[in-house]
Amino acid sequence: MWDLRSMTVEELRSCLQELGQPAFRAGQLYDWLQARGAESFDEMTNLPKNLREILKQRGELRCAAIAQRYDSQLDDTSKYLFRLNDGEYIESVLMHYHHGYTICVSTQVGCKMGCTFCATGQGGFCRNLLPSEILAQVQAAQRDKNIRISNIVLMGMGEPLDNYSNVMRFLKLVSSEKGLNIGMRHISLSTCGLVDRIYDLMDENLQLTLSVSLHAPNDRIRTQTMPVARRWKIDELLTACRKYGEQTGRRISFEYAMIQGVNDSDACARELGHRLKGILAHVNLIPVNEVTDTGYKRSSRERLERFVAVLAEYHITATIRRTLGADINASCGQLRRKKIDEVVQK
Ligand code: SAH
Ligand code: SF4
């Protein structure tokens with residue numbers, strides 16, 4: 001079966017050629033699959049009926065069907081639980097900022113990385129998402145709300161760099177002029193720090209924003225919460241980040257979830273400040289979402305502010321991230337787990 005939504009216009013052209021169709025149909029099909037986010041072949045009314053019938057047999061239309069939507073009462077955030085063609089569930093979060101809509105998409109069903117504070121990580125890994133399934137999340141939300149999404153963050157379920165080739169293809173399709181046309185400068189990719197893949201990404205020379213989930217100033221603390229820290233030392237990771245910044249000229253944003261009594265002391269801030277010296281960096285402090293059974297508590301507002309002040313002494317800018325959709329469990333991984341629990345209980 002052809003996974004049509006994952007294909008470039010050239011690839012569609014060669015499929016259509018195989019079916020004896022004229023080349024101009026590829027552009028029409030691409031428009032339906034990408035820019036319009038079609039959810040059925042029958043919508044594609046400018047394609048002849050017999051072609052639509054053949055496409056139904058030879059190809060498939062990967063979609064993200066809305067299984068559930070939760071709207072925050074506190075702000076204009078919506079969380080989607082999507083059902084994929086094979087019945088798996090994933091989550092996306094749509095956020096409304098003054099400059100437009102941003103969607104946080106998933107890149108895998110589950111995740112292998114096992115971070116202890118993360119609901120997705122604690123739920124284990126199921127499979128990679130196809131490029132079409134990452135795209136379908138953006139398209140489904142746009143259609144549902146009748147809006148245009150201007151920014152994408154790859155910060156939902158899964159580790160994007162662990163699904164490297166599908167994510168690269170997604171980026172190429174989503175930024176294509178005849179597709180959704182969302183430019184690389186409007187896309188952020190977040191990784192827990194797969195060092196070999198950061199070097200690969202550096203070589204792609206994309207204008208996207210790289211976010212690195214650091215969450216600790218040293219290996220001793222980092223290995224407590226992030227198993228990936230056993231594979232790559234923090235120094236190796238930060239060396240990769242330094243080089244990435246030098247080669248691409250792009251500032252890296254470091255994510256740091258503040259957990260009370262684990263990684264939020266002044267000493268931690270000083271060590272972090274010291275380690276980040278010379279890197280084009282920005283630090284995002286997030287009070288940890290208390291979602292796993294580990295008993296982690298979020299740091300106090302005062303602690304967060306003090307951490308920012310210490311980093312400033314090292315000339316590192318840090319911001320305390322607003323938590324959007326606090327009432328709808330807007331951090332990813334929780335809905336899928338809930339859904340699994342429901343099914344298991346039935
Ligand atoms: N796998 C990638 C991207 C998805 S996770 C990564 O880890 O970077 C997106 C972000 O949410 C990461 O920075 C991750 O560390 C953070 N995160 C996960 N669980 C969290 C929690 N309970 N509280 C705060 N941030 C969390
Ligand atoms: Fe995976 Fe990211 Fe969650 Fe870690 S924080 S388990 S890498 S999704």
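A Cβ distance below 6 Å, combined with a sequence gap of six or more or placement on separate chains, defines the contacts here; from region 111-127, residues that are among the aliphatic types (A, V, I, L, M) reach residues that are within 7 Å of ligand 2 (Cβ to nearest atom) and assigned to a loop (DSSP other than H, G, I, E, B) in the pairs 113/159; 113/192; 119/333.
For (1) farther than 17 Å from residue 222 by Cα; (2) β-branched (Val, Ile, Thr); (3) more than 15 Å from ligand 2 (Cβ to nearest atom), each residue gets a yes or a no:
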site: 252; (1), (2), (3): yes, yes, yes
site: 259; (1), (2), (3): no, yes, no
site: 266; (1), (2), (3): no, no, yes
site: 271; (1), (2), (3): no, no, yes
site: 284; (1), (2), (3): no, no, no
site: 290; (1), (2), (3): yes, no, no
site: 303; (1), (2), (3): yes, no, yes
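Only strands (runs of 3 or more DSSP E) whose full extent lies in region 1-114 are considered here, and the ones with at least 1 residues that are farther than 30 Å from residue 225 by Cβ are 65-71, 78-83, 89-97, 100-104. Inside region 270-285, residues that are within 12 Å of ligand 1 (Cβ to nearest atom) and surrounded by fewer than 20 Cβ atoms within 10 Å (Cβ to Cβ) make up a count of 1. Inspection of region 73-82 identifies at least one residue that is touching a residue at least 24 places away in the same chain (Cβ under 8 Å) and either of a type in the set (Gly, Ala, Ser) or within 18 Å of residue 15 (Cβ to Cβ) (or both). Would you check if residue 239 is modelled with pLDDT of 95 or more, more than 16 Å from ligand 1 (Cβ to nearest atom) and more than 20 Å from residue 164 (Cα to Cα)? Here the answer is yes, as residue 239 does meet what is asked. Hey, any hits in region 92-109 for a residue that's more than 16 Å from ligand 1 (Cβ to nearest atom), crowded, with 16+ Cβ neighbours inside 10 Å and within 23 Å of residue 133 (Cβ to Cβ)? Yes: one or more hits. Restricted to region 54-78, and to residues that are polar (S, T, N, Q) and exposed (fewer than 14 other Cβ atoms within 10 Å of the Cβ), which residue is modelled with the lowest pLDDT? Applying the filter and picking the extreme gives 73.
The criterion of being surrounded by 16 or more Cβ atoms within 10 Å (Cβ to Cβ), among the polar types (S, T, N, Q), under 12 Å from the mean Cα position of the chain (by Cα) and within 16 Å of ligand 2 (Cβ to nearest atom) holds for residue 190. Applying the criterion of being within 13 Å of ligand 2 (Cβ to nearest atom) and under 24 Å from residue 247 (Cβ atoms) to the residues of region 193-228, the residue that is surrounded by the fewest Cβ atoms within 10 Å (Cβ to Cβ) is 197.
Within the option set 47, 130, 51, being assigned by TED's automatic domain parsing to the domain that holds residue 295, surrounded by fewer than 21 Cβ atoms within 10 Å (Cβ to Cβ) and under 30 Å from residue 18 (Cα atoms) holds for one residue only, 130. Any residue at all in region 120-128 that is in a helix (DSSP H, G or I), within 16 Å of ligand 2 (Cβ to nearest atom), at negative phi and not β-branched (Val, Ile, Thr)? There is at least one residue in region 120-128 that is in a helix (DSSP H, G or I), within 16 Å of ligand 2 (Cβ to nearest atom), at negative phi and not β-branched (Val, Ile, Thr). The listed residues are 106, 132, and the only one of them that is more than 16 Å from ligand 2 (Cβ to nearest atom), among the polar types (S, T, N, Q) and in contact with an Asp or Glu (Cβ under 8 Å, 6 or more places away or on another chain) turns out to be 132. Residues in region 141-151 include at least one that is surrounded by fewer than 20 Cβ atoms within 10 Å (Cβ to Cβ), within 16 Å of ligand 1 (Cβ to nearest atom) and not in a loop (DSSP other than H, G, I, E, B). If only one of 189, 135, 206 is touching a residue at least 24 places away in the same chain (Cβ under 8 Å), assigned to a strand (DSSP E or B) and in contact with a Ser or Thr (Cβ under 9 Å, 6 or more places away or on another chain), which one is it? Exactly one of 189, 135, 206 is touching a residue at least 24 places away in the same chain (Cβ under 8 Å), assigned to a strand (DSSP E or B) and in contact with a Ser or Thr (Cβ under 9 Å, 6 or more places away or on another chain), namely 189.
The values are calculated or read from the model by the stated rules, or taken from the named source; none is laboratory data. As the structure is a prediction and not an experimental result, all values here were calculated from the model. Glycine also receives a Cβ, built like all others from the backbone with ideal geometry; neighbour counts cover every protein chain displayed.
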